[in-house]
Amino acid sequence: MQSVLADLRYSFRLLLRSRGYAIIAILALALGIGANTAIFSAVDAVLIRPLPYPDPDRLAMVWEDNSIAGFPTNTPAPANFLDWKKQNQVFSEMSAARGAAKNLTGDGPPEFVLGRGVLPGFFRVLGVTPALGRTLTDSDDQAGENVVVISYGLFQRRYAADPNLVGRSILMDGEKFTVVGVMPPSFHFPTKRDDIWIPARLTPQDQARRGSHYLQVVARLKPGIPVERAQQDMTTIGKRLEQEYPATNTKIGVVVVPLKEQAVGQSRTALLVVLAGAACVLLIACVNVANLLLAKAAGRKREMALRAALGAGRFRLIRQMVTESLLLSLAGGLAGLLFARLGLRLLDNLVPSRLGITLTLDAPVLFFCAAVALLTGVLFGLAPALHSSRLDLNEALKSGMRGSSSHGAGFLRDVLVVAEVALALVLLVGAGLMIRTLSGLYSIDLGFNPRNALTMTTYLPRTKYSEPSRRIHFYDAVLARVNALPGVVSSAYASDIPLTTRGNTNSIKIQGRPEPPPGTETDAFYRVGTNDYLKTLGVKLIAGRLLNDQDREKSTPVVVVNETCQKQYWSGASPLGARITTDGLDVWREVVGVVADPHESGIDVRLKCGVYLPVVQNQTAWAVPANILVRTQSNPLGLAAGVRNAIWAEDRDQPISGIQTLEDLVDLQLADRRQQMILLGSFAALALLLAALGIYGVLAYAVTQRTREIGVRMALGARSSDVVWMVTAHGARLAAAGLAIGGIAAAGVTRGMRQVLYEVSPFDLPTYAGVGAVLATAAIIACAIPAIRAARLDPTIALREE
């Protein structure tokens, strides 16, 4: 122990004596360790830690596979769910939930809350217990008193965590609901935004429906039943239902998705890509520090030889040098925690919001940081230590041997530089592919104008606005006030704003055409709005006209279709004048216009047939306009207060939520990929800098060690250009080897990025060529500095130095 402490004290004194070298090494390690620690925090929270349920590996979501309509994981129809529940042999219990939204009033400002209507057994399947009170029971699903379970967030936010809330009534949509329970802070199902859970209470008519798809099914596997076995069982049931109900179930399969996989989604790939990038940065930092140690060790050969001559064995010498490297890495780890804390803020967008996770530097993350620091200390310190401990005492004890660096040390430094360049190329290619992806996404024609457009949600409770005429009056009154505001170009209400939902579709039929065979896609986005909706959205008119004020309740029912509909059902010919039905009510509507495809369900989601109807001619209960869209002359958010006051002037109890611009919605769609690009781009820039410094360091050290040789060459007639070429050629060979190896490595690594790329191949040649040119340019610059310095040596002075 005394000798170990002596090694630590001596190492500490050496670092203080070489503060510049120590600061550079610690900073490089801190960046690498900090980046890996921050990203591990996200990986641990999202991918490693189990969900907060008993036996979470036995939980799964069960979906309909309606890939033919573009929904590979579609919400199931109630009748299908009930058959699954009866016929399966693999789940101990199944339950389901449907969307629910309420307006909270009466005990504070009006508030719009999202939640779920749940079927019996929902909380039992998940195995969760409330923080206060109880959960919903099977008897609550029977007609009777309105009851509700609320989230812990709502409990704190609106009711100040009042423990006496359980048993009290709250007002939702003008009706009294008794609060029977409060869920724990860790419960977020299916998303963090859900604040209430009420009984779903499906009617017998609901339970018989196979054409309406709106449930979210959760199931618990029987002990010992793997997901693969469950998938086989449910596939068999799906095929059986397809034979029994061909009109609704043809080509409708069943998909079983583990709940963890469902919650994580595509974040797994994104996090692993970024983690691989951070690991590359750390490896490059280790390579640079190893090169520094090799260079420093070359100047300490005499010291090591004296230690060996005085009786120090090889293990003792190795331990001393590894102790120095561990001291550097631990200092880098401590400094890296500061970078990690800053990095947590940048990683928020990579964590699915539905998980309700807050990233922290907790005990497992701190343990990881310490382990990485120790591992890197050994990684970059062991090779120089092993090399420096192999001594020829007679040669090492000779004084004044400037050219005493061995060929083995030079070869090892060259190998490390090649590794640096290769790793840097991998990172640069990954960042380049993400830049190409993001550029492609931003260049997509959205089919609408996102600039200067404000949106907000005003959900109208059915109890208060059960009659369509009352809803129409509300829309007209609010829009009249909004249109009178200075700076407003136009305004409208709509059931769904683009990029806010991936569903809400109906099948369509065309008058005069035979019924398509079962299993044919007849699904279309179903959007209902006030007459100025498409105009306010800023869509491009292809043919005919948009909805306007001539479309009234008693006039001819009309519909506008998108370009995909025109291609799908009319083979590109004009559909104007054709009659279609879209709501299952046999109301035939005349097609009066065709518009360019608005991207309804996502920027990178395939386009789909869509229909747009005037709300005055549409009386369906589910497609109720709840989103106001305002087109402005300038900053849309500057009019948010005026629009809000216009709504409250009509209904003071109407809560308003989701205030944002259309540009915000577009940015939100791209937030994950933009964050990945920023992180990978930052890592790549750092890797490029470190690789250039690595090449510069090796060549600068080689020039120093070969000063006598260069002096002799110049004394014998070598020109400055010959010296420049000699030094540059050495660096160029290293860079070329690194580029070749890195290109092969990048082709293998980027293959795993397919899920996060958009219309760009992992083997995109322009990207490889571009980043290769950037790295080659940086290498040339790094070579030029020591080469020019070598060419300027005075042969007389160079020869005297020996």
Only Lys, Arg (+1) and Asp, Glu (-1) charged, at Cβ; the chain dipole about Cα centre in debye:
2640 debye
Once you measure Cβ to Cβ distances between cysteines in the chain, which Cys have no partner under 4.7 Å?
280, 286, 369, 783
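Quick one: putting +1 on the C-beta of Lys and Arg, -1 on the C-beta of Asp and Glu, what dipole do you get for segment 72-138 around its Cα centre, in Debye to the nearest 20?
On the way: 7 positive and 5 negative charges, 27 e Å.
Result for segment 72-138 is approximately 120 debye, rounded to the nearest 20.
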For the chain, the per residue accessible area (1.4 Å probe, Å²) is 44 Å²
Ranking by accessible area, most exposed first, for 379, 665 with a 1.4 Å probe
379, 665
Which aspartates and glutamates have a Cα lying under 15 Å from the Cα of residue 239, excluding residues fewer than 8 positions away in the same chain?
64, 65, 83
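What percent do you get for the relative contact order of segment 110-240 when only Cα pairs under 8 Å and 6+ apart count?
Dividing the mean separation by the residue count of segment 110-240 yields 33 percent.
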By per-residue mean of other Cβ atoms within 10 Å, what is the highest-first order of 79-88, 415-424?
415-424, 79-88
Can you grab the distance from the C-alpha centre of segment 589-616 to the C-alpha centre of segment 414-460, Å, no decimals?
27 Å
Expected output is a single nm value to one decimal: the length gained when fully extending between residue 378 and residue 678, i.e. 0.36 nm times separation in residues minus the C-alpha distance. What is it?
104.9 nm
Would you work out the relative contact order for the chain, in percent, from Cα pairs under 8 angstrom that are 6 or more residues apart?
17 percent
Only helices at least 15 Å long along their axis, Cα-based, and averaging -0.5 or more on Kyte-Doolittle count here, so list those DSSP H runs from the chain.
2-17, 19-43, 267-298, 314-346, 363-388, 407-442, 468-483, 640-650, 662-705, 720-749, 765-791
What percent does the relative contact order of segment 488-592 come to when contacts are Cα pairs within less than 8 Å and at least six residues apart?
30 percent
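Show me the GluC sites (Glu not before Pro) within segment 103-200 that DSSP assigns to loop and that have at most 14 other Cβ atoms within 10 Å of their Cβ. Let's see the in-between values first.
Numbers: sites: 111, 145, 175; in loops: 145.
Within segment 103-200, the qualifying GluC sites (Glu not before Pro) (loop, at most 14 other Cβ atoms within 10 Å) are 145.
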With a 1.4 angstrom probe the carbon and sulfur portion of accessible area for segment 499-589, in percent, totals 48 percent
Signed unit charges on C-beta, dipole axis of the chain, positive-most listed residue 633, 156, 482:
156
Evaluated at q = 0.13, 0.15, 0.20 Å⁻¹: base-10 log I(q)/I(0), Debye formula over Cα of segment 155-294
-0.94, -1.06, -1.27
Let me have the 222 nm mean residue ellipticity of the chain computed from DSSP H runs of 4+ only, each contributing -39500 (n - 2.57), with the sum over all residues rounded to the nearest 500.
-16500 deg cm²/dmol
Span from the segment 230-290 Cα centroid across to the segment 190-225 one, whole angstrom
21 Å
Using packing as a proxy for protection, rank 153-161, 253-261 so that the peptide with the highest average count of other Cβ atoms within 10 Å comes first.
253-261, 153-161
Using every alpha carbon pair in segment 750-795, what percent of pairs falls into each 10 Å bin from 0 up to the bin containing the largest distance?
22, 29, 20, 15, 10, 3
Carbon and sulfur atoms: what percent of the 1.4 Å accessible area of segment 62-108 do they account for?
46 percent
Straight-line reach from residue 535: which lysines have Cα under 21 Å away, leaving out those fewer than 8 places along the same chain?
608
The chain: antiparallel bridges as % of DSSP beta bridges, rounded to 5, reads 75 percent
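The values are calculated or read from the model by the stated rules, or taken from the named source; none is laboratory data. Because the structure is a prediction, the values reported are computed rather than measured. Virtual Cβ from ideal backbone geometry, glycine too; neighbours counted across all protein chains shown. Heavy atoms of the whole protein, side chains included, go into the accessibility calculation; ligands, DNA and RNA do not. Shrake-Rupley method; radii C 1.70, N 1.55, O 1.52, S 1.80 Å.
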